[in-house]
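Enquirer: After the structure tokens below, expect a handful of questions from me.
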Amino acid sequence: MASIRQHRGRLLIDYREGGDRQRIYTKLDDNSANRTKLQRVADGIDAALASGANVKAVLEHAGLLQSSPASANAVPVPVVAMPEPPKARSCAPLFSAFCDQWYAEFKVGWRKSYAVTVRGILDQHLVPRLGSLPIGEVTRAQILELRSHLSTLRGRRPGSSLSPARINTVMLILRQILQEAADRFEFTMPMGRLKPLKVPKSHVVNGCQEALFSGCEDAVLV
């Protein structure tokens, strides 16, 4: 049975044919969207093996342009990644424009105080740093750079910097915006495996970060 595995952060298809283990290496990042794509290829490989059909034809049809599967002992040979549909990303708006759209569409479900908090995060932190970029082209590196920048900003108290809880709140809003855009315009969410900063126990109240400013109930509505 063909299975989907990962090698150094990239996905591969692993199966056996004629008693020999075969691996098809790709350039696809390990995420749920790409795993779903490759699972369809793996299902086609299983069907071909069961019927005695040509597995190579299944791979070529999927866009894995390799003349023959690599054996388990062979040196990994990268193959061409399955192409992404170009239509979705090309019509995606700028980050700043999508932020305004997202805010207008979702604030109806928020408390007034939480809406004010979110608007402030957009205007003070997210739009100034990312606003001129097409939303489908925001990268993980730019997100990490933003988080690093936030850690250098002054906090409310003299001599302090933004707390991890506050930084996590900013990043939570960014995650919600990018996830909604990724769903609409069909691009890979760049924050998929980015974990929040650790928050001291004194900053946690009833399982919700203090920095959400009583907005935990509202945040889950996004």
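The values are calculated or read from the model by the stated rules, or taken from the named source; none is laboratory data. None of these values were measured; they are calculated from a predicted model. Ideal geometry is used to build each Cβ from the backbone, glycine not excepted, and the neighbour counts take in all protein chains shown. Keep in mind that these areas ignore ligands, DNA and RNA; they rest on the heavy atoms of the full protein, side chains included. Shrake-Rupley method; radii C 1.70, N 1.55, O 1.52, S 1.80 Å.
Enquirer: Which cross-chain or sequence-distant (5 or more) residues have an amide H under 5 Å from the amide H of H7, H modelled 1.01 Å from N in plane?
Expert: Those qualifying (amide H under 5 Å, at least 5 residues apart or on another chain) are L12.
Enquirer: Moving on to the next point. Report the rotationally averaged projected area of the range 102-200 based on its alpha-carbon convex hull, in square nanometres.
Expert: Details: hull surface 28.2 nm².
Convex hull of Cα atoms, orientation-averaged projection: 7.0 nm².
Enquirer: Here's something else I'd like to know. Give me the three principal axis extents of the range 109-153 from the C-alpha atoms, as integers in angstrom, largest value leading.
Expert: 33, 26, 15
Enquirer: Something else: Would you please give the FRET efficiency between S151 and Q39, computed as 1/(1 + (r/R0)^6) with r the Cβ-Cβ distance and R0 = 30 Å, to the nearest 0.05?
Expert: On the way: r = 39 Å, r/R0 = 1.29.
Calculated value: 0.20.
Enquirer: Hey, rough spin-label estimate for K27 and L144, points 7 angstrom out along Cα→Cβ, what's it come to in nanometres?
Expert: The two pseudo-label positions are separated by 2.1 nm.
Enquirer: Can you give me the solvent accessible area of E105 with a 1.4 Å probe, rounded to the nearest 10 Å²?
Expert: Around 80 Å² of this residue is reachable by solvent.
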